[in-house]
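Enquirer: Have a look at this one before I ask anything.
The values are calculated or read from the model by the stated rules, or taken from the named source; none is laboratory data. If you're wondering where the values come from, they're calculated on a predicted model, not measured in any experiment. Here the Cβ positions follow ideal geometry from the backbone for every residue, glycine too, while neighbour counts run over all protein chains shown. Please note that ligands, DNA and RNA were not included when accessible areas were found on the heavy atoms of the full protein model with its side chains. Shrake-Rupley method; radii C 1.70, N 1.55, O 1.52, S 1.80 Å.
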Amino acid sequence: ALPPDEEWPEAEKAEKLARGAALKWASGVFYRPEKLEALGQYRSRETQRNSSIQSRLKSTVQSYLEGVSTGLEQLRLAAEEVQNVCQDLGAARWALLDSADYFQVLQQMRALMAEHVQLASVVKVLPQLFSVHEVFSHTLQLLHEQHLLEAHAELMMLEHLRDDILFQLHLRGLSSAQATVLSYFSGLQELNESLAKQLWGIVGRSLQLVREDPVLFVSAVRIIEREEKIDDALLLDATFLPPGRPKGWRQKFYHILQETITGSHFHTACVDTTGPGLSRHLAALQRDVVAELHVVKNLMVQCVPAHYNILSICTAMYHQALTSHLQDILQEDLDKQALFLLLEWVLHVYHSPKMMSHPGLLPEVDVSALGPLISPDLVDQTERKYVVKLKASMLEWMQKTLEVEFKEWFRKEEPETDHQGFFQSALPVIIMQMLHENIRVASLITRSLQQKVYSMAMEELEAFLGRLREALVQCGKKHQEDRTIPKYYVPYLLAVLNNNLALSSSVLSLHLNTAHSEVPASLRAALDRTQRKACQLLLEELLLDLQPLCTQLPSRKWLSGSQVVSSMCEVIDKYAKDFSHVRKPIFMLLLMESERLVTSQYLWALMQKKMVCRSEEERGQLCDRLLQDATQLRELFHGLGLDKSQQSLEAVFALRELICLKDPALLSLEVLGFITKYPDISDEHVSTLLDLRGDVSKEVRHMVLEMMAQHPQALPESYQPIFSVILVPAPELPFCLRKGKCA
């Protein structure tokens, strides 16, 4: 507080503010003269206001002063009471100090009381402790008599007694005494083991017991649940865990059940992995698994608590056991039948209504959530193994079929014919039936296996055609050594052509997508090569019969009217009759190739430099003979069905024009027209033809050859070569004497 003679700074400030406010008000009031008349009223009103304010201030200050007085009085009384309390506390302190000896006596009494309580507890359990060994014996007897619930009740009583004693020792830190207690209760270990042995034996026979004696199985489950509750309670209070805890018997229950399921059906070492043996084993698995799951669903579910979820657990156990079992089987070297059976069983039978989707198991049993029985990679690997085994079997079968076919070629009778008279054998039917059946069987498993088998079948068919061509070549060599072997060489070659055509048309039916079927390019090429090889052997056979006749021309005997070409026509007509036993596309091909062969052989014979026309008369005879022979051959082939526009005999007619030209000087123009039409003719061919005329000088020959050099001809894409396959004899070198002049 400030001294009485000093004013508060706030009061001075407040006074200044009040004076300023008053001056402001007065200046506003007395600024106008008309306001001066109301001055008396203002003064009277302000005087009343001041009086009112002062009275209120006095009242307020008076009330504050009264409150302060009351507070001071209360503080005085409180101080007196605090002083009294301090005096009482001091007296109490001295009283406690005087009673310290009595507290020591109370502490001794408390210790004696605790010892008395412990002795009372010991006295209380003494009868139980004295009867422990007797209870051991009685419990063992109950176990032997399979009174499991009673035996377990006594076992729990003994364990509870032991655990209480151990807990008390644990609290007092008497660890040395715990060993003595454990030794005294050592028989509990034997009881536990004996009880567990019986329990697991019961669980191992659970599928049988739930049908024959469910009471025993239910007792075992109740005991397991009792132990689980004790384990859970002890684990919640982790301050003390008795020996042998937690027992985990529920988990052991599942483990024994798994071992029972695995051991009863899934011993791979005892499985016969051959096709028939594996089929019986899989059928037994299917039957037993379905039957046992029915037992679990209809009986065992009622014998265990709902939280066991026993049906789903058993389903998963069977699923896992089957997965491991099948993987073990797949490690063996299985034949194709066994591999197929496994794939069919895994992908179709297992999930079918005959097994895991059996109406009696649905909807509780659902293996879709357990994943595939074997992984997609293992399925693909198994499919590939199956294809490899199937390929080996197919190769062996095709080889035997080919060997039988090869032997038939050497029979003493013609091949069989169909209703249209076309030669054939059973080979394409056997091959296609085998391929079609294997592809069809594969389609019963998966689309991917069908595709794998189809691709393999196409490869094997292509390889088979290669071996067939080799057999044709071998047969052709034997026939060249002795043309009487085989006796019906040509008919069997024709049968091969018909068979090849049948294979070509039938292979389309093997395609997976028949709407967009197409023969693979490599297989189509193999079929074409087989057809060409058979045609080649037939034409070689025709050539062997034509060559002796072709060697007789040209000759002067031939010019004078030999029947060489007539004999050739007879040979051709004979072969044409044989060719009629092949289907039309091949028949026309053989006819065209035969005509080209005859033409090339005829031209070849003319170019062997066997004869040179000695006069214009001989050239005329040669022209007439060429016209007559070519016409006769053309009419023959035309009569056989080959149109004149498809024949190559026109080359003989064109060659005849070269021979018949009377003015050798015009040969250049004639040869130019000839090489334009037949661009594969060479200088040697033209030179040989000029020699055949017998009247061409060296100058004309040089001019013709020079003209050919100046007008090289390119072969058109669609051109069929004629002269390029005809070999011209090499010119004879002149024999020169040492001192003579070469002529």
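Enquirer: Which pairs turn up if I take residues in region 194-211 that are closer than 23 Å to A291 by Cβ and look for partners that are among the aromatic types (F, W, Y) and at pLDDT 90 or above with beta carbon separation below 7 Å, at least 6 apart in sequence or on another chain?
Expert: These pairs meet every condition: I202/F217; V203/F253; S206/F217; L209/F217; V210/F217.
Enquirer: Would you point out which residue out of K487, K477 is part of a loop (DSSP other than H, G, I, E, B), open to solvent by 10 Å² or more (accessible area, probe 1.4 Å) and more than 30 Å from L378 (Cβ to Cβ)? Working first, answer last.
Expert: Details: K477 fails: part of a loop (DSSP other than H, G, I, E, B).
None of the other options fit; the residue is K487.
Enquirer: Going through P721, P679 one at a time, which residue ends up being assigned to a loop (DSSP other than H, G, I, E, B) and in contact with an Asp or Glu (Cβ under 7 Å, 6 or more places away or on another chain)? Can you show your working first?
Expert: Working: P679 fails: in contact with an Asp or Glu (Cβ under 7 Å, 6 or more places away or on another chain).
When all the criteria are applied, what remains is P721.
Enquirer: Show the residue pairs meeting these rules: Cβ distance below 8 Å; 6+ apart or different chains; first residue within region 304-319 and within 11 Å of D366 (Cα to Cα); second residue surrounded by 16 or more Cβ atoms within 10 Å (Cβ to Cβ) and not hydrophobic (A, V, I, L, M, F, W, C).
Expert: L311/K297
Enquirer: Does R440 qualify as being touching a residue at least 12 places away in the same chain (Cβ under 8 Å) and either at negative phi or open to solvent by less than 30 Å² (accessible area, probe 1.4 Å) (or both)? If you could, list the steps in order and put the result at the bottom.
Expert: Working: touching a residue at least 12 places away in the same chain (Cβ under 8 Å): no; either at negative phi or open to solvent by less than 30 Å² (accessible area, probe 1.4 Å) (or both): yes.
The answer is no for R440.
Enquirer: Follow-up question, since we're still on this one. Quick test for you: out of G639, G620, G694, pick the one residue that is loosely packed, with under 15 Cβ neighbours inside 10 Å and in the same structural domain as Q563 (by the TED database).
Expert: G639
Enquirer: Could I ask something else about it? When you scan region 234-246, do you find a residue that is outside the structural domain of D164 (by the TED database), of a type in the set (D, E), at negative phi and without any contact (Cβ under 8 Å) to a residue 60 or more places away in the chain, even just one? Walk me through how you get there before you give the answer.
Expert: Just the residues of region 234-246 that are outside the structural domain of D164 (by the TED database), to begin with: none.
No, region 234-246 contains no residue that is outside the structural domain of D164 (by the TED database), of a type in the set (D, E), at negative phi and without any contact (Cβ under 8 Å) to a residue 60 or more places away in the chain.
Enquirer: Name the pairs: first residue in region 573-592 and under 12 Å from C535 (Cα atoms), second residue hydroxyl-bearing (S, T, Y) and not in a helix (DSSP H, G or I), Cβ to Cβ under 7 Å, at least 6 apart or on different chains?
Expert: These pairs meet every condition: F587/S580.
Enquirer: Kindly indicate the residue of region 422-467 that is hydrophobic (A, V, I, L, M, F, W, C) and not in a helix (DSSP H, G or I) and also nearest to A521 (Cα to Cα) among those meeting that condition. Don't jump to the end; show me each part of the working.
Expert: Initial filter on region 422-467 (hydrophobic (A, V, I, L, M, F, W, C)): 422-423, 426-427, 429-432, 434-435, 439, 441-442, 444-445, 449, 453, 456-458, 461, 463-465.
From what's left, not in a helix (DSSP H, G or I): 422-423, 426, 444-445.
Details: F422: 28, F423: 27, A426: 25, L444: 27, I445: 27 Å.
This residue is A426.
Enquirer: Ok, one more. Out of the helices (runs of 4 or more DSSP H) lying entirely within region 202-295, which hold 2 or more residues that are open to solvent by 30 Å² or more (accessible area, probe 1.4 Å) and more than 30 Å from M156 (Cβ to Cβ)?
Expert: 249-265
Enquirer: May I ask you to verify whether F637 is modelled with pLDDT of 90 or more and either closer than 30 Å to E593 by Cβ or not basic (K, R) (or both)?
Expert: yes
Enquirer: Continuing with this model, one more query. Just give me the residues in region 18-38 being at pLDDT 70 or above and either surrounded by 10 or more Cβ atoms within 10 Å (Cβ to Cβ) or in contact with a Pro (Cβ under 7 Å, 6 or more places away or on another chain) (or both), in sequence order.
Expert: Scanning region 18-38 gives A18, R19, G20, A21, A22, L23, K24, W25, A26, G28.
Enquirer: Among the residues in region 584-602, are any more than 60 Å from the chain's Cα centre (by Cα), surrounded by fewer than 20 Cβ atoms within 10 Å (Cβ to Cβ) and aromatic (F, W, Y)?
Expert: no
Enquirer: If you don't mind, another one. Go through the residues of region 330-340 one by one and say whether even a single one is assigned by the TED database to the domain that holds Q286, aromatic (F, W, Y) and closer than 22 Å to H436 by Cα.
Expert: Yes, because at least one residue in region 330-340 is assigned by the TED database to the domain that holds Q286, aromatic (F, W, Y) and closer than 22 Å to H436 by Cα.
Enquirer: If a residue has to be over 23 Å from L501 (Cβ atoms) and either hydrophobic (A, V, I, L, M, F, W, C) or out of contact with any helix residue (DSSP H, G or I) (no Cβ under 9 Å at 6 or more places or on another chain) (or both) to count, how many in region 411-449 make the cut?
Expert: Selection size over region 411-449: 7.
Enquirer: While we're on this one: Any residue at all in region 511-525 that is assigned by the TED database to the domain that holds K391, β-branched (V, I, T), open to solvent by 40 Å² or more (accessible area, probe 1.4 Å) and under 27 Å from the mean Cα position of the chain (by Cα)? Full working, then the answer.
Expert: Just the residues of region 511-525 that are assigned by the TED database to the domain that holds K391, to begin with: 511-525.
Restricting the remaining residues to those that are β-branched (V, I, T) gives 514, 519.
Restricting the remaining residues to those that are open to solvent by 40 Å² or more (accessible area, probe 1.4 Å) gives 514.
So of that shortlist, the ones also under 27 Å from the mean Cα position of the chain (by Cα) come out as 514.
Yes; the residues of region 511-525 include at least one that is assigned by the TED database to the domain that holds K391, β-branched (V, I, T), open to solvent by 40 Å² or more (accessible area, probe 1.4 Å) and under 27 Å from the mean Cα position of the chain (by Cα).
Enquirer: On to the next question. Out of all the residues in region 590-610, which are out of contact with any helix residue (DSSP H, G or I) (no Cβ under 7 Å at 6 or more places or on another chain) and farther than 16 Å from F723 by Cα?
Expert: Listed by number, the list holds a single entry, K610.
Enquirer: Also, quick follow-up: Which of (1) in the same structural domain as V453 (by the TED database); (2) closer than 30 Å to H419 by Cβ is the odd one out, the single condition A576 does not satisfy?
Expert: Going through (1) in the same structural domain as V453 (by the TED database); (2) closer than 30 Å to H419 by Cβ one by one, A576 breaks only (1).
Enquirer: Here is a follow-up. Among the listed residues E650, E699, identify the single one that is of a type in the set (D, E), in the same structural domain as L597 (by the TED database), surrounded by 11 or more Cβ atoms within 10 Å (Cβ to Cβ) and modelled with pLDDT of 90 or more.
Expert: Among E650, E699, only E650 is of a type in the set (D, E), in the same structural domain as L597 (by the TED database), surrounded by 11 or more Cβ atoms within 10 Å (Cβ to Cβ) and modelled with pLDDT of 90 or more.
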